[in-house]
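The structure under discussion appears below in the form of C-alpha cells.
The values are calculated or read from the model by the stated rules, or taken from the named source; none is laboratory data. Since the structure is predicted, the reported quantities are computational estimates derived from the model, not experimental observations. Please note: Cβ atoms are built from the backbone with ideal geometry, for glycine as well, and neighbour counts cover all protein chains shown. We work out accessible area using only protein heavy atoms, side chains counted, and drop any ligands, DNA or RNA first. Shrake-Rupley method; radii C 1.70, N 1.55, O 1.52, S 1.80 Å.
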Amino acid sequence: MKKPLLSKFKDLFILSCLTLLSMTAYSQSSVSGQVLDENNDPIIGATVQVVGESAGTITDLDGQFTISVPGSSSMLKVSYLGYSTQMINLSETGMNNIQIALSEDALALDEVVVTGTFTGRTQRDAPMSLTVLNSDQLSKLASSSQADVLRTVPGITAEGGGGEVATNLFVRGFPSGGQYAFTPLQIDGIPILSTFGLNSSAHDVYFRNDIGIRSLEFVRGGSSTLFGAGSVAGIVNYNSIRGSDNPMNKVRLEWAEGGRLRTDFLTAGPLAENLYYAVSGFYRYDEGPLETGMPTRGYQLRGNIKKVFNDGKSALVVSGQKIDDNVQFYLPYPLDNSTGERLRPIGNDGEEIFTMLSGDLKDFAFDTPNGRFKSPIGNGVTTNGSFIMADLNHAFGNDWRLSMKTKAASYKHFFNLFLDGDGVHNTPEDQANYLIDRGLPADATFTYADDLTQLGANDLLFENRVLDRHRDMEELVGEVNITKTINNHNFTVGTFMAHTRADDNNWIHNVLGDFTNSPRAVSVSYTDAAGENVDYSTAGFINGRQTSNRYHESSKVALYAADEIKGESFDLDIGVRWERASGLISRETGVGSNTFQKGTVSANDIAIAVAGLYRVNATTNLYANFSRGYFFPQLRSVSFPLPGVPQSYETESVIQGEVGAKYSSGQLAATAAIFYNTLSDRRNVDFINDPNNPGNVIEEVALQSTRTYGLEANVNYAVSNGFSVFGNLTYQDHQFTKVESSPEQEGNKIARIPNIMGMVGVNYDNSGFDLNLTSNFLGSKFANNSNTVELDGFNIVRLDTGYSFGLGEGDEKMRIGLAVFNLLDSAGITEGSPRQGNSQVGGGEFFVGRPILPRRIFLRVGFDF
C-alpha cells in the first residue's frame with residue numbers, strides 16, 4: 001500500500017530538511033540499515049524516525065536508509081502503510097547495517113486513515129470503530145455488488161441478492177429499509193449523494209468499484225456525524241489511487257459463467273515535475289449472473305490530475321468520472337414452500353427457476369396523459385452521467401492548514417425492475433382460476449406469443465408488474481475547513497454546502513408469462529357476446545399507466561468545529577456540527593391533471609460528539625465515544641394534510657455510545673467494541689402493494705423509534721510467514737420501542753436485521769501462490785416488522801486463489817486467478833416481499849422471497865508493469 005501523495009511529499013520535504021540539519025551536528029552518530037518485508041523484499045518509502053527527536057528519513061529504492069541519532073541507546077520508529085510499526089532499540093541491534101523486518105498489518109491498525117478525522121491518524125489511534133481494506137483485498141472481494149465488500153465488515157448487514165446495484169445496507173441495528181440511509185457512500189471524502197430520500201435509488205447506482213481504488217475506510221459510530229452529510233451510523237469512503245514519481249500500470253481481464261466479460265485498467269505516474277496523473281476504468285458485458293435474455297453492458301472511466309506547488313506546501317487534485325452502464329436488478333419471486341423449505345421452484349418445463357425477469361416481456365409501450373411511453377425495462381438499471389471534483393490543500397506557516405473540496409454531478413438515471421407479482425395474487429396460478437379471478441370467459445385461450453402454440457393443460461401462469469422509475473439527479477457540493485495546531489491541539493472549523501435535485505416519475509404495466517425461468521410471454525384472447533375477438537393479454541402485455549410525476553430538491557448548509565487533542569498517553573476529540581436542511585416538494589396530484597401539490601419544508605439541528613483514546617501500553621489502546629446526532633427525514637416521506645400545506649418536518653434524534661479496545665503485538669491483532677444506540681421518531685418509508693388500488697404500489701410511512709445494543713469483535717492471527725487466519729463476530733439486540741401506527745409491534749425485532757453474524761477466513765500468500773477463503777454467516781432474521789415471517793440463517797463461502805510470476809524486470813508480473821462466489825451454492829433467503837410488508841405470512845404453497853445469487857466462477861488474468 002502507498003502513502004497518500006500529499007502526505008508523502010510533505011514528509012519527504014520536512015524530514016529531508018531535518019535530516020540535513022541534524023547531519024551538521026558533529027556530536028551525533030550515524031545509523032544505517034535496510035527495511036524489508038516478510039519475504040525479504042525491500043520496502044521503498046518506509047519512514048524511519050528517532051523517538052523523541054525531530055530527525056527522520058525514508059528508505060530508498062533498495063529499502064536502505066541512513067539517519068543521525070544522539071547516541072547508541074536511541075530508539076527508532078519504523079513504519080509503512082499496511083505494515084505493523086516496529087520500535088528498534090539501537091543498544092540491542094547496533095548502529096551499522098541493521099536489518100528491520102516489517103510484517104503485514106492485516107487489520108491495518110498502523111495505517112494512516114483520512115476518514116473520521118480532520119488531521120489524519122492511524123487506525124490504532126482513532127477513538128472509534130474503523131475498518132480499512134486495501135486495493136488487493138478489494139479486488140478479491142468485489143464480484144457482483146457493494147454487498148460483496150461490505151458484508152466482511154463487523155456490524156454490517158449487506159444484502160446483495162438484487163445484483164450489482166442497490167445493495168441494502170443495515171448498520172448496527174438502524175431500521176434503514178436498506179440502501180444507504182444512515183451510512184452514505186463517499187469518494188475521496190465527498191458524498192456520492194449528499195441527501196437521502198429524494199427518491200428510493202441507492203447511492204451505488206451512480207458509482208462502480210474499479211482497480212483504481214486505493215483503499216476503503218469504513219467508520220462506524222456516532223463520531224461520523226461530524227464528518228459527512230447524513231453520516232449517522234457511519235461513513236463508507238473509497239480513496240482513489242493518485243499518481244506519484246513511481247509509474248504504476250495494471251490491466252485485469254475477467255471471464256465468468258453466464259457470459260460475463262470485464263476488462264479493467266489503471267495507469268498512474270508523473271506527467272512533469274510535481275504534476276501527476278491516475279486514470280482507471282472498466283468495460284463490462286454480462287448475460288448473467290441469472291439468465292434473463294436481457295444482457296447488460298457498460299463502462300466507467302475515472303481519473304485525477306494532481307499538481308504540487310508552493311515548494312510542496314500546496315496540492316490541487318482535479319478528478320472526474322464518466323459512467324454509462326446498465327445492470328439487471330432481481331427482486332423476490334415465488335419459491336416452493338410446499339415442504340416449508342422455501343426452495344427455488346420447478347417450472348412448467350421441469351427446470352429450476354432462478355428469476356422471473358424475461359427478455360420476452362420487454363419493449364412494450366402504452367399511452368399515458370403525458371404521451372406514449374415505451375418501457376426501458378430491457379436495460380434494467382441505467383446510469384449515464386459524470387462528476388467533476390476539485391480538492392485543494394495548503395499548509396500555511398505557523399501550523400495553519402486549509403482544505404477545500406467541491407463537486408458537480410449530473411446523471412441520467414432509470415431504475416427499471418420486474419416486481420414480485422401482480423399486487424393481488426403474487427403467486428403462480430392455474431389457468432382456470434386465472435380466468436375466474438379476472439372475470440374472463442372460461443373458454444378463453446392461452447397461447448405462447450413466440451410460436452402461437454397453446455399452453456399445456458397443467459401449465460401455470462404468473463402475472464407480474466414492471467415498474468419503470470425515471471430518476472435523473474443533479475448535485476453541487478462544497479466544503480471548506482481550516483485547521484490550526486497549537487501545542488497538542490488541532491482546532492478545525494469548517495462549512496459544508498450542498499444542493500441536490502432528483503426526479504421521481506413512475507410507470508407500471510402488467511405482463512403475463514408462464515411459470516418458467518425467464519418466462520415466455522403468454523397471450524390471452526376470447527370471443528365476446530357480439531362475436532368480436534378480444535385480447536386480454538397481447539403478446540404478454542395487459543395494461544399500463546403512469547403512477548407519479550414529481551421531483552424533490554434539497555439544500556443543506558452546515559457549520560462545524562472540532563478539537564483533536566493529542567497527548568502522550570491520552571487523546572481526546574470534541575466536536576459540534578450545526579446543520580440546516582430545506583426541501584422543495586412538487587407532486588402532480590393526478591398524472592395528467594396539471595394540478596400539483598407544492599411546498600417547502602426546513603429543519604435544523606446540532607450534533608455533539610466526544611471521543612477519547614487511552615494508550616495502555618505499546619500494544620493496547622482503549623477508547624470510548626458518545627454522540628447525540630440527527631437525521632433529516634426523507635423528503636419523499638412528507639405528506640400534505642391540506643392542499644399546499646406540507647406536514648411538519650422535524651429531525652430524527654440519534655443517541656450513540658461505544659467502548660472498545662485495539663490490540664496489536666507480533667502475530668496477533670484484534671479489536672472489540674460494545675455499542676449502544678437509540679433512534680427516535682424515524683419516518684420510515686416502505687414500498688408496498690396499494691390495498692385501495694390493486695396493481696399499484698405506494699409508499700407507506702411509519703413513525704418508529706428503536707433501540708440497539710451489541711458487541712463487535714475482529715481478530716487476525718499470523719500463523720507463519722504469509723499465512724494468517726482471521727474472523728469477526730457481531731451480536732446485536734435490537735427492538736422497536738415505539739411504532740405509532742402499529743403499537744402491537746413495540747418490542748418486536750427490526751425487519752431484515754439478524755442478531756448474530758460473522759466471518760471466518762484464511763489467507764496465504766508466498767509471493768507466488770496465494771489463496772483467500774472466507775465464510776460469511778448471517779443469522780436468522782424476520783422478513784417484516786410484524787415478525788410474522790422468520791428467515792433462516794445462511795453462509796456465503798468465497799474463494800479467491802491465483803499464481804503470480806515475474807515478467808520482464810523489477811515488479812512486472814502476471815497473475816492467473818480463480819474466484820468463486822457462493823462456493824457451496826447456498827440458496828439462503830435474504831428477504832421476503834417488501835411489497836407484501838407486514839401482511840406477509842410464512843405458510844402457503846409458495847413463499848415470495850429473494851435467495852442469494854447462485855454460485856458463479858470467475859477466471860481472472862492480471863498484469864502489473
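For this structure, a couple of remarks:
- If the condition is being out of contact with any strand residue (DSSP E or B) (no Cβ under 6 Å at 6 or more places or on another chain) and at negative phi, then region 781-793 contributes 784, 785, 786, 788, 789, 792.
- Of all residues in region 147-161, those being touching an Asp or Glu at 6+ places or on another chain (Cβ under 9 Å) and either of a type in the set (Gly, Ala, Ser) or modelled with pLDDT of 85 or more (or both) number 7.
- Candidate set from region 569-592 (those that are in contact (Cβ under 8 Å) with a residue 24 or more places away in the chain and in a loop (DSSP other than H, G, I, E, B)); member that is farthest from residue 652 (Cα to Cα): 569
- Taken together, 245, 210 contain a single residue that is closer than 26 Å to residue 386 by Cβ and open to solvent by 10 Å² or more (accessible area, probe 1.4 Å), which is 210.
- Scanning region 496-522 for residues that are open to solvent by less than 30 Å² (accessible area, probe 1.4 Å) and either free of Cβ contacts under 8 Å to residues at least 40 places away in the same chain or closer than 30 Å to residue 612 by Cα (or both) gives a single hit, 496.
- Residue in region 104-112 that is in contact with a Ser or Thr (Cβ under 7 Å, 6 or more places away or on another chain) and either at pLDDT 85 or above or assigned to a strand (DSSP E or B) (or both) present: yes
- A count restricted to region 773-782 and to residues that are under 17 Å from residue 732 (Cα atoms) and not basic (Lys, Arg) stands at 6.
- Within region 167-211, tally of residues that are touching a helix residue (DSSP H, G or I) at 6+ places or on another chain (Cβ under 7 Å), modelled with pLDDT of 90 or more and not in a loop (DSSP other than H, G, I, E, B): 1
- Test: residue in region 616-623 that is open to solvent by 30 Å² or more (accessible area, probe 1.4 Å), free of Cβ contacts under 8 Å to residues at least 40 places away in the same chain, within 26 Å of residue 227 (Cβ to Cβ) and out of contact with any Phe, Trp or Tyr (no Cβ under 6 Å at 6 or more places or on another chain): no
- Cβ-Cβ under 7 Å pairs, at least 6 apart or on other chains, region 372-389 side more than 15 Å from residue 467 (Cβ to Cβ), far side of a type in the set (S, T, N, Q) and open to solvent by less than 30 Å² (accessible area, probe 1.4 Å): 386/321; 387/321; 389/319
- Count of region 410-447 residues which are in contact (Cβ under 8 Å) with a residue 60 or more places away in the chain and open to solvent by 60 Å² or more (accessible area, probe 1.4 Å): 3
- Answer residue from region 729-755, given it is farther than 11 Å from residue 786 by Cα and open to solvent by less than 20 Å² (accessible area, probe 1.4 Å) and is nearest to the chain's Cα centre (by Cα) among those: 753
- Only listed residue being of a type in the set (A, V, I, L, M), out of contact with any Phe, Trp or Tyr (no Cβ under 6 Å at 6 or more places or on another chain), more than 19 Å from residue 830 (Cα to Cα) and at pLDDT 95 or above, chosen from 725, 760, 719: 760
- Complete set of residues in region 655-677 that are open to solvent by 30 Å² or more (accessible area, probe 1.4 Å), part of a strand (DSSP E or B) and of a type in the set (S, T, N, Q): 665, 671
- Of the numbered criteria (1) more than 30 Å from residue 718 (Cβ to Cβ); (2) assigned to a strand (DSSP E or B); (3) not hydroxyl-bearing (Ser, Thr, Tyr), the one residue 763 fails is (1).
- Restricting region 70-91 to residues that are under 35 Å from the mean Cα position of the chain (by Cα) and assigned to a loop (DSSP other than H, G, I, E, B), the residue that is surrounded by the most Cβ atoms within 10 Å (Cβ to Cβ) is 80.
- With a requirement of 2 or more residues that are aliphatic (A, V, I, L, M), the strands (runs of 3 or more DSSP E) lying completely within region 281-369 that satisfy it span 296-309, 314-327.
- Each residue in region 540-567 was checked for being touching a residue at least 60 places away in the same chain (Cβ under 8 Å), under 30 Å from residue 467 (Cα atoms) and open to solvent by less than 20 Å² (accessible area, probe 1.4 Å), and 3 pass.
- Qualifying positions in region 836-851 - open to solvent by less than 10 Å² (accessible area, probe 1.4 Å) and small (Gly, Ala, Ser): 849
- Options 574, 585, 482, 486: the member that is at negative phi, open to solvent by less than 30 Å² (accessible area, probe 1.4 Å) and hydrophobic (A, V, I, L, M, F, W, C): 585
- All of (1) open to solvent by 10 Å² or more (accessible area, probe 1.4 Å); (2) within 25 Å of residue 382 (Cβ to Cβ) hold for residue 468 with one exception: (1).
- Hits in region 765-818 - residues which are of a type in the set (D, E, K, R) and surrounded by 15 or more Cβ atoms within 10 Å (Cβ to Cβ): 765, 770, 781, 798, 800, 813, 815
- Just one of the numbered conditions (1) in contact (Cβ under 8 Å) with a residue 24 or more places away in the chain; (2) under 24 Å from the mean Cα position of the chain (by Cα) is not true of residue 769: (2).
- Residue list for region 437-467, filter: charged (D, E, K, R) and in contact with a His (Cβ under 6 Å, 6 or more places away or on another chain): none
- Considering residues of region 165-177 that are over 11 Å from the mean Cα position of the chain (by Cα) and not aromatic (Phe, Trp, Tyr) only, the residue most open to solvent (accessible area, probe 1.4 Å): 177
- Only a single item in (1) of a type outside the set (Lys, Arg); (2) open to solvent by less than 30 Å² (accessible area, probe 1.4 Å); (3) within 24 Å of the chain's Cα centre (by Cα) is not met by residue 825, and it is number (2).
- Total residues in region 37-58, condition modelled with pLDDT under 70, small (Gly, Ala, Ser) and either open to solvent by 70 Å² or more (accessible area, probe 1.4 Å) or part of a loop (DSSP other than H, G, I, E, B) (or both): 4
- In the condition set (1) modelled with pLDDT of 55 or more; (2) closer than 25 Å to residue 308 by Cβ; (3) surrounded by 14 or more Cβ atoms within 10 Å (Cβ to Cβ), residue 61 is compliant with all but (3).
- Residue within region 357-367 that is open to solvent by 30 Å² or more (accessible area, probe 1.4 Å) and either farther than 27 Å from residue 690 by Cα or touching a Pro at 6+ places or on another chain (Cβ under 8 Å) (or both) present: yes
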